[in-house]
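Below is one structure; the comments refer to it alone.
The values are calculated or read from the model by the stated rules, or taken from the named source; none is laboratory data. Nothing here was measured: the structure is a model prediction, and the numbers come from that model. Because the Cβ atoms are built from the backbone with ideal geometry, glycine has one as well, and the counts that use them run over all protein chains shown. Only protein heavy atoms, including side chains, enter the accessible area calculation; ligands, DNA and RNA are left aside. Shrake-Rupley method; radii C 1.70, N 1.55, O 1.52, S 1.80 Å.
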Amino acid sequence: MKLWKPLTVKIIFVLMLLTVFSGWGAQGAQAEETGAGTKKPKNIALLPVENLELLAECGGDQYIRQQLERVVHVPLNGVTKMAAYIDPGTARRELASLVNSGRYVTKKNRLDYWAIMPALADKLGADLVILLRVRGAYEEFFPDGWGRTIIRAAVDMELLGFDRQEAGAAAAGKKGLPAGVIRQTAYGWINDEYYGRGLYELTEEAVDELLEKSHIRQRVFPVKVSKSEEKGDTFRHR
């Protein structure tokens, strides 16, 4: 019985890898076909997080950056060209232009982010827009007179966005949202004796909840992933 030579085994292994990743590209790109028959990458706009400085002291800002970078990452994108990333600075300037235009204000004199997201996607030529907003955060410690340390902490976050593919597939959005608009909120608080859980841990939980419920990972890279990867549990560290 002849054994395969090492070189033959390596060639077969490389071919298997190429087959797997080409399959991912076909499944995950969800790209449009141009007239020349080439696939168009998904244009992704990940905007800078609003009010991120509120979480700088506890280190939560680093965790948010890490999770957002992870969730929009496409493996082997340099080869598959599945995604094209729009410059965050450009996206921020276009958002500011829409906000300051005065056209997107509700009757209660509040910004209508639900209407801004599709308009921003059109201005940027984006297929997917992602904006995370820290609406509020605080943390304080004080003694209770019984030798214990009490913590009061809270965080309030909102994830907004627009998915052009979802907008094209649906006549109307869910929960009263315009078609394609993404919106999720997350809030956490503590008012108890301090046991090592504070604003940082609240931030972790809120960000993971937002990314899981909005299905950002599947929108960017639509390949089935485990629940632990979707929640980001395996990436969590301080």
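Here are some notes:
- Total residues in region 103-162, condition open to solvent by 50 Å² or more (accessible area, probe 1.4 Å) and either touching a Lys or Arg at 6+ places or on another chain (Cβ under 6 Å) or farther than 19 Å from residue 185 by Cβ (or both): 17
- All conditions but one from (1) modelled with pLDDT of 75 or more; (2) surrounded by 17 or more Cβ atoms within 10 Å (Cβ to Cβ); (3) within 15 Å of the chain's Cα centre (by Cα) apply to residue 232; the one that does not is (1).
- The set of residues from region 81-97 being surrounded by 19 or more Cβ atoms within 10 Å (Cβ to Cβ) and in a helix (DSSP H, G or I) comprises 91, 94, 95.
- Just one residue in the set 76, 111 is of a type in the set (A, V, I, L, M), over 17 Å from the mean Cα position of the chain (by Cα) and under 21 Å from residue 177 (Cα atoms); that residue is 111.
- Residue within region 40-52 that is at pLDDT 95 or above, farther than 30 Å from residue 138 by Cβ and either over 19 Å from the mean Cα position of the chain (by Cα) or surrounded by fewer than 18 Cβ atoms within 10 Å (Cβ to Cβ) (or both) present: yes
Conditions tested, residue by residue: (1) touching a helix residue (DSSP H, G or I) at 6+ places or on another chain (Cβ under 6 Å); (2) outside any helix (DSSP H, G or I); (3) of a type in the set (Asp, Glu).
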site	(1), (2), (3)
103	no, yes, no
115	no, no, no
138	no, yes, no
142	no, yes, no
146	no, yes, no
151	no, yes, no
155	yes, yes, no
158	no, yes, yes
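- Subset of region 163-190 that is open to solvent by 90 Å² or more (accessible area, probe 1.4 Å) and at pLDDT 95 or above - its residue that is nearest to residue 130 (Cα to Cα): 187
- Residue within region 79-88 that is among the β-branched types (Val, Ile, Thr) and either under 18 Å from residue 215 (Cα atoms) or touching a Lys or Arg at 6+ places or on another chain (Cβ under 6 Å) (or both) present: no
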